[in-house]
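Colleague: A single structure is presented below for examination.
The values are calculated or read from the model by the stated rules, or taken from the named source; none is laboratory data. These numbers come from a predicted model, not from an experiment. Positions of Cβ are generated from backbone atoms using ideal geometry, with glycine treated the same way; all protein chains shown enter the neighbour counts.
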Amino acid sequence: MKLSNLFYGFATTTLFFVSCSKDEVYETVDSESIDLVEEVSSKALKPIGSGVMMQAFYWDVPAGGTWWNVVKSKVGEWSNAGVDAIWLPPVSKAQNGPFSMGYDPFDYYDFGEFNQMGSTETRFGSRSELTSLITAAHNNSLSVIADIVINHNSGGDLESNEFAGKDTYTKFEPMSGKFFRTKYDFHPNEAYSSDSGIFGGFPDLSHSKVYVQDWLWGRSNSVAKYYKNTMGFDGWRFDYVKGFEPWVVREWKNNVGGFSVGEYWDGNVNTLDWWTNEAQMSAFDFACYYKMRDAFVGNNLNALSGDMLWKRNASRAVTFVANHDTDEIYNNKILAYAYILTHEGYPALFYRDYEDWLDKNKLNNLIWIHNNLAGGSTSNLWTDNDEYIARRNGGGGKNGLVVYINNSNSWKERWVQTNWSNRQIKDYTGASGWQPTTQGGRWVKIQAPPKGYSVWSLK
């Protein structure tokens, strides 16, 4: 979630209302539940976690309804590079209509087909363009991860609210005819005063209400099931999970399955570890992010010795160097990617880094190294202010590797113990032309370039 550039006022928006009551909508059989996305290829999707995730957007991507087509044009290249899943921004109509990045949701079932909130298309395009993108991703063996914003809503009309002691913008009658909401579905209401957190003054959904639960994940045409079964999404990125209890997203996942990761924005590894255990899903490894910031921006690689979620439970950690909310590793960023793409956890690439800002050839090389060499547990071999060396011990059909990160201004060399005796190795980045043979005790001397890295494995 990003605070800037969102419209926080809850001014009354002129809508064409569906002429039925909330209860009538709740009981109506969803005629669209039989709709299908475009027929997809039988080509198997890559298992999520077998490669890397691509965050397929950034804050304030170009407006005008073109973004779905931009992403569609890139899925083939990304798949060939070793990406296994793409993470899309929130896909439904939001209060700020054609200008919104989607984090102020109004109608969860309007994917760019209803003329409301100032536009028919979303900022990113139409429903048909979205389904075409999902089909293209699947045809290229890529899973598609939906960004789910269920902490708060925006764009409702004003209604008298005795629970809040004032009028509130909590009357939602979306043109899709699905998931009408009133003051009874937000905090405070007649049964619940609050939950874990409120975001930016937006109406705060009350997940303990059965009606809300049913529409989010329980019904046959719930948001979760509609996104999976009709739209074709394969996984979930949950926004601002600090705002509600972990059981909420756990129930979502229990009802529809799929890869799931939460945005619990906290650098405290104990908190992240607690949340992933309670939610029974992955979290973005903010502990790793902040340690890398301290290491590469602060020019002290000793920070990489600190505790991180991937060190606690790699299967629950999604590692990242930048995203649409935070991009603080402004120098030595390629070294940070060398770190996450050689270590445990599920690494995510940021669109701007891959497409615009960094050397794509170097990133593709690191993706290949991650997908083909980086297997097994991790052993730290050396850490000081300027140098960091770690070994992946191999496993899962991968030989393992030794990564040497050098943040100094000169070439560095060190003797390290590898996984291999009497075997020739090489640097798969091409930075070093050495191809030494390990000793019987598995020791060998390796090197790394200034402000660079090398990655060594069996030739």
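Colleague: Which one of Ala136, Ala146 is in a helix (DSSP H, G or I), surrounded by 21 or more Cβ atoms within 10 Å (Cβ to Cβ) and not polar (S, T, N, Q)? Write out each step before concluding.
Modeller: Working: Ala146 fails: in a helix (DSSP H, G or I).
Of the residues listed, the single one that is in a helix (DSSP H, G or I), surrounded by 21 or more Cβ atoms within 10 Å (Cβ to Cβ) and not polar (S, T, N, Q) is Ala136.
Colleague: Could you check how many residues of region 362-399 are basic (Lys, Arg), within 21 Å of Phe296 (Cβ to Cβ) and assigned by TED's automatic domain parsing to the domain that holds Val416? Steps first, please.
Modeller: Narrowing region 362-399 to residues basic (Lys, Arg): 362, 391-392, 398.
If we keep only those that are within 21 Å of Phe296 (Cβ to Cβ) as well, we get 362, 391-392.
Among the residues that remain, those that are also assigned by TED's automatic domain parsing to the domain that holds Val416 are: 391-392.
Total satisfying the criteria: 2.
Colleague: Does Phe284 fit the bill of being assigned by TED's automatic domain parsing to the domain that holds Ser206, buried (at least 19 other Cβ atoms within 10 Å of the Cβ) and more than 29 Å from Leu130 (Cβ to Cβ)? Outline the logic, then answer.
Modeller: Numbers: assigned by TED's automatic domain parsing to the domain that holds Ser206: yes; buried (at least 19 other Cβ atoms within 10 Å of the Cβ): yes; more than 29 Å from Leu130 (Cβ to Cβ): no.
Answer is no for this residue.
Colleague: Can you find a residue that is in the same structural domain as Asp84 (by TED's automatic domain parsing), closer than 17 Å to Ile425 by Cα and either touching a strand residue (DSSP E or B) at 6+ places or on another chain (Cβ under 8 Å) or surrounded by 18 or more Cβ atoms within 10 Å (Cβ to Cβ) (or both) anywhere in region 343-358? Please lay out each step first, then the result.
Modeller: Taking region 343-358 and keeping what is in the same structural domain as Asp84 (by TED's automatic domain parsing), we get 343-358.
Now restrict to residues that are closer than 17 Å to Ile425 by Cα: none.
No, that holds for no residue.
Colleague: If we scan region 150-160, do we find a residue that is assigned to a loop (DSSP other than H, G, I, E, B), within 19 Å of the chain's Cα centre (by Cα) and β-branched (Val, Ile, Thr)? Spell out the reasoning first.
Modeller: The initial filter retains those residues of region 150-160 that are assigned to a loop (DSSP other than H, G, I, E, B), namely 150-151, 153-156.
Those still in the list that are within 19 Å of the chain's Cα centre (by Cα) too: 150-151.
In the following step, the residues that additionally are β-branched (Val, Ile, Thr) were identified as 150.
Yes, that holds for at least one residue.
Colleague: Please specify each residue of region 165-207 satisfying the condition of being surrounded by 16 or more Cβ atoms within 10 Å (Cβ to Cβ) and of a type in the set (Gly, Ala, Ser).
Modeller: Filtering region 165-207 for residues surrounded by 16 or more Cβ atoms within 10 Å (Cβ to Cβ) gives 168-189, 195, 199, 202-207.
Matches in region 165-207: Ser176, Gly177, Ser206.
Colleague: Going through region 163-207 one residue at a time, which ones are among the hydroxyl-bearing types (Ser, Thr, Tyr) and either within 15 Å of Asp104 (Cα to Cα) or assigned to a loop (DSSP other than H, G, I, E, B) (or both)? Outline the logic, then answer.
Modeller: Step one: of region 163-207, the residues among the hydroxyl-bearing types (Ser, Thr, Tyr) are 168-170, 176, 182, 184, 192-194, 196, 206.
Within region 163-207, Tyr169, Thr170, Ser176, Thr182, Tyr192, Ser193, Ser194, Ser196, Ser206 meet the criteria.
Colleague: Continuing with the same structure: Could you say whether any residue in region 204-224 is among the small types (Gly, Ala, Ser) and either over 30 Å from Tyr184 (Cβ atoms) or not assigned by TED's automatic domain parsing to the domain that holds Asp325 (or both)?
Modeller: Our first condition is that a residue be among the small types (Gly, Ala, Ser); within region 204-224, this holds for 206, 208, 218, 220, 222, 224.
Next, only the ones that are either over 30 Å from Tyr184 (Cβ atoms) or not assigned by TED's automatic domain parsing to the domain that holds Asp325 (or both) stay: none.
No, there is no match, as no residue in region 204-224 is among the small types (Gly, Ala, Ser) and either over 30 Å from Tyr184 (Cβ atoms) or not assigned by TED's automatic domain parsing to the domain that holds Asp325 (or both).
Colleague: Just wondering, is there one or more residues in region 219-234 that are out of contact with any helix residue (DSSP H, G or I) (no Cβ under 6 Å at 6 or more places or on another chain), among the aliphatic types (A, V, I, L, M), modelled with pLDDT of 95 or more and closer than 25 Å to Glu113 by Cβ?
Modeller: Within region 219-234, one or more residues are out of contact with any helix residue (DSSP H, G or I) (no Cβ under 6 Å at 6 or more places or on another chain), among the aliphatic types (A, V, I, L, M), modelled with pLDDT of 95 or more and closer than 25 Å to Glu113 by Cβ.
Colleague: Looking at region 83-102, which of its residues are under 19 Å from Ala322 (Cα atoms) and either in a loop (DSSP other than H, G, I, E, B) or at pLDDT below 95 (or both)?
Modeller: First, pick out the residues of region 83-102 that are under 19 Å from Ala322 (Cα atoms): 83-90, 101.
Passing the criteria: Leu88, Pro89, Pro90, Met101.
Colleague: Output the number of residues of region 208-253 satisfying the condition of being of a type outside the set (Lys, Arg), outside any helix (DSSP H, G or I) and touching a residue at least 60 places away in the same chain (Cβ under 8 Å). Step through it out loud before you land on a result.
Modeller: So in region 208-253, the residues of a type outside the set (Lys, Arg) come out as 208, 210-218, 220-224, 226-227, 229-236, 238-241, 243-249, 251-252.
Keeping just the survivors that are outside any helix (DSSP H, G or I) gives 208, 220-222, 232-236, 238-240, 244-245.
Remaining after also requiring touching a residue at least 60 places away in the same chain (Cβ under 8 Å): 220-221, 232-236, 238-240, 244.
Looking only at that region, the number is 11.
Colleague: Okay, moving on. Among the residues of region 122-133, how many are crowded, with 24+ Cβ neighbours inside 10 Å and assigned to a loop (DSSP other than H, G, I, E, B)? Write out each step before concluding.
Modeller: Initial filter on region 122-133 (crowded, with 24+ Cβ neighbours inside 10 Å): 122-124, 130, 133.
Of the ones still in play, those that are also assigned to a loop (DSSP other than H, G, I, E, B) are 122-124.
Adding up the residues that qualify gives 3.
Colleague: For region 413-459, give me the residue count where each residue is aliphatic (A, V, I, L, M), more than 32 Å from the chain's Cα centre (by Cα) and either closer than 21 Å to Asn372 by Cα or at pLDDT below 95 (or both). Can you show your working first?
Modeller: Going residue by residue through region 413-459, those that are aliphatic (A, V, I, L, M) are 416, 425, 431, 444, 446, 448, 455, 458.
From the residues that got through so far, the ones that are more than 32 Å from the chain's Cα centre (by Cα) too are 416, 425, 444, 446, 458.
Going one step further and asking which of them are either closer than 21 Å to Asn372 by Cα or at pLDDT below 95 (or both), we end up with 425, 446, 458.
Final tally of qualifying residues: 3.
Colleague: Checking Arg414 against (1) surrounded by fewer than 18 Cβ atoms within 10 Å (Cβ to Cβ); (2) farther than 18 Å from Trp456 by Cβ; (3) touching a residue at least 24 places away in the same chain (Cβ under 8 Å), only one condition comes out false. Which one?
Modeller: It fails just one condition, (2).
Colleague: Which condition number does Trp68 fail, the rest of (1) touching a helix residue (DSSP H, G or I) at 6+ places or on another chain (Cβ under 6 Å); (2) within 22 Å of Phe172 (Cα to Cα) being met?
Modeller: Trp68 satisfies every listed condition except (2).
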